[in-house]
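**Q** The structure's right below; bear with me while I get my questions together.
Any read-out appearing in this document is the output of simple, stated calculations on the displayed coordinates, not a laboratory observation. As the structure is a prediction and not an experimental result, all values here were calculated from the model. Note: ideal-geometry Cβ built from the backbone for every residue, glycine included; neighbour counts use all protein chains shown.
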DNA sequence: GCCTTATGTTCAC
DNA sequence: TGAACCTAAGGCT
């Protein structure tokens, strides 16, 4: 599930091999030249920012990975079996081998190249438990809808379609509300909630869940939720199912090329704001 | 078993 | 705006 928490998990996995010599190859062939650059070098360690993963090698190489929608890591014992499918990169350590299949991006960068990637990314809510002041100042100016901004990696790095839908529902915010119309207090709460849910995601293996023991509760949620058992999300991928707060149908609509899920009753449009998808009737 | 769909981004038109 | 990337889970038969 490659939202930001998955990349943090991946970095943790890579770091179990930190300090070892890495034997880097390109079974699929598309990474051959780059693999030769770092093959045989010592692996220093891994870190992530948003949905981007960085692997550092001596003396000064960094492999930049973006999983995209399909990218997957496979952890294997050393010696590893024959590569399965299109393995872009295989890294053999003493006891473990890691295969990378189907990433959108896998490239070797120097320091300047890494900086160029980072310069394009907003702050990562997984790394900071409080929203940075510069971020809050910027949000106070943006006219674009909050549902679009949360997915914009240039503004805030690491949130994907699941967390977007869930945090907006849990805060009772319409995805169509302009970012600047959220108060600074609301932005702080939204950030803190995102930090909380994604941190849980780092610890929790398996799919994204926002309904779990000890999780923050959505605004307006009744003390007893009917039919909430076995539920992992409130609105994500629950189109037409009843909202846990009002019982009305959860809506789904393509929004800037991605499916948006929300409850039009519990995430009401403010007066004067038009739903660009045309689904929600403004009162 | 087959078909659809998806947690994402880049690039071509 | 749509295709490409390329994997795997889930729904269906």
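**Q** Helix A:161-170 sits at what angle to the longest principal axis of chain A, using alpha carbons and giving 0 to 90 degrees rounded to 10?
**A** Taking the Cα atoms of chain A, the angle to A:161-170 is about 30 degrees.
**Q** Fewest first, what order do A:106, A:246, A:263 take by the number of other Cβ atoms within 10 Å?
**A** Values: A:106 22, A:246 13, A:263 26.
Fewest-to-most ranking of A:106, A:246, A:263: A:246, A:106, A:263.
**Q** May I pose another question? If neighbour count is taken as other Cβ atoms inside 10 Å, put A:205, A:183 in order from fewest to most.
**A** A:205, A:183
**Q** Which of A:124, A:181, A:60 moves the most in a Gaussian network model of chain A with Cα springs under 10 Å?
**A** Of A:124, A:181, A:60, the most mobile in the Gaussian network model is A:60.
**Q** Quick one: angle between helix A:184-203 and the longest Cα principal axis of chain A, in degrees between 0 and 90, rounded to 10, please.
**A** Helix A:184-203 and the main axis of chain A meet at about 50 degrees.
**Q** Using the alpha-carbon atoms, what tilt in degrees (0 to 90, nearest 10) does helix A:4-15 show relative to the longest principal axis of chain A?
**A** 20
**Q** Same structure again: Roughly how many whole Å is it from the C-alpha centroid of the stretch A:134-204 to that of the stretch A:67-127?
**A** Between the Cα centres of the stretch A:134-204 and the stretch A:67-127 lies a distance of 27 Å.
**Q** Turning to a different aspect of this structure: What value does chain A have for Rg/Rh, both radii from Cα atoms and Rh as Kirkwood defines it?
**A** On the way: Rg = 20.8 Å, Rh = 20.3 Å.
Reported Rg/Rh, Kirkwood definition of Rh: 1.02.
**Q** Assuming R0 = 22 Å, what is the FRET efficiency of residue A:204 and residue A:130, from their Cβ-Cβ distance, to the nearest 0.05?
**A** Efficiency at R0 = 22 Å is approximately 0.45.
**Q** Rank these for me by crowding, A:197, A:269, going from fewest to most other beta carbons within 10 Å.
**A** A:269, A:197
**Q** Okay, next question. What number do you get for the stretch A:97-176 when its Cα radius of gyration is normalised by 2.2 N^0.38 Å, N = residues?
**A** 1.32
**Q** Among A:257, A:19, A:160, whose mean-square fluctuation peaks in a Gaussian network model of chain A (Cα, cutoff 10 Å)?
**A** Checking each option, the largest mean-square fluctuation is seen for A:257.
**Q** Per the Debye formula with a single identical scatterer at each Cα and no solvent contribution, what log10 I(q)/I(0) holds for the stretch A:149-263 at q = 0.18 Å⁻¹?
**A** The calculated log intensity ratios at q = 0.18 Å⁻¹ are -0.96.
**Q** Could you give the spread of the C-alpha atoms of the stretch A:28-168 along their three principal axes, from largest to smallest, in whole angstroms?
**A** Its Cα atoms span 53, 31, 26 Å along the three principal axes.
**Q** Let me ask you something else. Quick check: convex hull over the Cα atoms of the stretch A:1-69, volume per residue in Å³, rounded to an integer?
**A** Once divided by residue count, the hull of the stretch A:1-69 is 85 Å³.
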